[in-house]
Every structure is written in structure tokens, then in C-alpha cells.
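Everything below concerns the one structure shown next.
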Amino acid sequence: MSRSLPRVRACWLGSVPYREAWDLQAELVRELRAGDGEDTLLLLEHPHVFTMGKAASADHLLWDEAERHGRHVEVVWSDRGGEATYHGPGQLVGYPVVDLGRLGVTIPEYLEKLERSLIAYLDGLGVAAEPGKPGLTGVWHRDLKLAAIGIKLNRPVVSHGFALNLTTDLDYFDGIVPCGHAELRPTSVESLTGRRVATREAAQAYARNFEAGFGVSLEWVPAGAIRAGGAAARS
């Protein structure tokens, strides 16, 4: 008899402010650690925001408060790993909130599978991508960063995840030292190919790569089925 694949819920949330998505992840983590939650893949995009990971410092913010206000950019100090990054429209964000024990993977294996799932998705778009060189996380096209990865581990549950630049306005990265490396620059699918891929379309397609890469069975559920703590999603 063949063994059934682990089940993971998948949900498209639309555009969600960073703090609300963070609160939702925290609730899902608590439920999983208490033994009454479900593994979940949240797919969404954020309004303009600079998020500062645990390794970030104030000098990683290059735009002053007036500049950020004029460009409608919020700043959030987050509990994820890594330094500073940017989230905004035209960027697919994925937050897998999953129990690593159920998936049967270690943290290094999880990060590798996450990178490989994004690389496989990009390959389907005709974009050659690869993991970062030693010391550099994320997914890259040559020396240009296509996707950032930053996670948080509350044993045995992992949260936060990735941000993939599709049609992202790359000028916003000028407001930070991205991931602590001023010399390294971002790129996007649109910049490399001229193709404009909508985030919702990308979420549906990428989910198949996540499913294959992690050996799980995804079950799509509506946002209302998992929303917690008043997180307001907008399609």
C-alpha cells in the first residue's frame, strides 16, 4: 500500500499589510505547537514595507523618515532571520508555516528545498536561477537577486519564508542595504524577460513546485478558513 503524502493547506490572501500577516503566522505557529493546527502555505503580497530581520541594524535604512513617508513605505522590525529587505506590489511572498517533523526535513534540507522549488518555478518561466554562493541566501540570476529567503524556527515549526520579485519596482531597494550587502543588486522576472506575471497567477503556478519539491499534497482553502487575529486580506 502506498503511503499518503503529508497534507498542507494552501491559501491566496491577496494584498495584506506585513504586521497582519505576521500576526496570522504567529497564531498558526501556536496552533501547530499545541498539536491542534495544520501545516499551511500562505501566498500573498504586501504593500510597500522595509522589514528588518534580527541581524539588521538602523544603518541598513538609507532613506530618512520623510523619504519613506513620501513613498508610503512602512518599517517593521521583524523576528525573522536575516537583515533588511523590501516587500511591495508585484512581489510574490510565500510563508510556509509547517512542522518540520511532519515533513521529515532538517533546517538545511528545508532551506534547500525552498530554494529549489523557486528555481523550478523560474525555470518554467524561462529564467535561469540558482542558489546563492556560500554565505548568501536566496535565489539568484548570476549576481542579481531574484528572491530573498528569511525564516524563523519555533521548534519544530518554521515560519516566514520567501519574497520573489515578479514586477517589483526595484527602485525601492535603494532605500535599504538589502540583506546587508550594498554591493549586490536585485532583479525581477520582468527585468530579465519583459514578462509581467501577476502575483495571483504566480501563486497558483508556484504552489505546484512547492508541492513537488516537498513531496506534499496541497489543498487550497479560502482565506476565511484560516484567517486569525483580525488579519484583513484584500484580493
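The values are calculated or read from the model by the stated rules, or taken from the named source; none is laboratory data. Owing to the predicted nature of the structure, the values given are computational and were not obtained by experimental measurement. To get the accessible areas, we keep the full protein, side chains included, count just its heavy atoms, and leave off ligands, DNA and RNA. Shrake-Rupley method; radii C 1.70, N 1.55, O 1.52, S 1.80 Å.
Annotations
- Kirkwood Rh in Å, taken over region 68-107 so that all alpha-carbon pairs contribute: 13.5 Å
- Anchor K152: lysines whose Cα lies under 17 Å away (excluding residues fewer than 8 positions away in-chain): K54, K113
- Estimated D of region 44-118 in µm² per second, where Rh is the Kirkwood radius over Cα pairs and Stokes-Einstein applies at 20 °C, 1.002 mPa s: 150 µm²/s
- Cα long-axis angle, helix 199-214 against the chain (0 to 90 degrees, to the nearest 10): 50 degrees
- Among K133, K54, K145, the sequence by solvent-accessible area, most first, with a 1.4 Å probe is K54, K133, K145.
- Surface share of carbon and sulfur [accessible, 1.4 angstrom probe, percent] for the chain: 49 percent
- For the chain: Kirkwood Rh in Å [reciprocal of mean 1/r, alpha carbons]: 17.8 Å
- Rounded to 5, the percent of DSSP beta bridges in the chain classed as antiparallel: 65 percent
- With all protein chains kept in place, the per residue accessible area of the chain amounts to 45 square angstrom at a probe of 1.4 angstrom.
- Evaluated at q = 0.19, 0.24, 0.25 Å⁻¹: base-10 log I(q)/I(0), Debye formula over Cα of region 1-104: -1.01, -1.32, -1.37
- Length-normalised contact order of the chain in % [C-alpha pairs under 8 Å, at least 6 apart]: 29 percent
- Relative to its residue count, region 79-168 spans a Cα convex hull of 99 Å³ per residue.
- Within the chain, helix-based [θ] at 222 nm, where runs of 4 or more DSSP H residues each add -39,500 (n - 2.57), nearest 500: -8500 deg cm²/dmol
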